[in-house]
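The values are calculated or read from the model by the stated rules, or taken from the named source; none is laboratory data. The shown structure was predicted, so the numbers you read here are calculated from the model rather than taken from an experiment. Methodologically, a virtual Cβ is constructed for each residue, glycine included, from the backbone with ideal geometry; neighbour enumeration extends over all protein chains shown.
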């Protein structure tokens, strides 16, 4: 499960099981299927997003220091490039 949260106050913007995380050089590219209505709200806060990949035994926190967030309207898909990753056991 992937959660997109606001960095300030931890407001939950969106939660989904429809996503992919792919390493790319020194970054991680996160692709998320998301309806446009939710994407518009999240884009307002693109500089303040935390992403959490929650698995059975760990939670991985991703964020981007350069707010690289793109929404593809034709595919209803967010592409977020993150440059920080921290893994926590749960």
Assess whether residue 15 counts as being farther than 16 Å from residue 67 by Cβ, in a strand (DSSP E or B) and free of Cβ contacts under 8 Å to residues at least 12 places away in the same chain.
-> no
Within region 29-60, of all residues that are in a strand (DSSP E or B) and closer than 13 Å to residue 7 by Cα, the one nearest to the chain's Cα centre (by Cα) is 51
Would you be able to tell me the number of residues in region 33-55 that are in contact (Cβ under 8 Å) with a residue 40 or more places away in the chain and either farther than 21 Å from residue 84 by Cβ or touching a helix residue (DSSP H, G or I) at 6+ places or on another chain (Cβ under 9 Å) (or both)?
-> 5
Criterion violated by residue 66 - all others in (1) part of a loop (DSSP other than H, G, I, E, B); (2) under 12 Å from the mean Cα position of the chain (by Cα) satisfied | (2)
If you take the residues of region 45-73 that are loosely packed, with under 15 Cβ neighbours inside 10 Å and within 14 Å of residue 31 (Cα to Cα), which of them is modelled with the lowest pLDDT?
-> 68
Selection within region 69-78 - without any contact (Cβ under 8 Å) to a residue 12 or more places away in the chain and assigned to a strand (DSSP E or B) | 70, 72
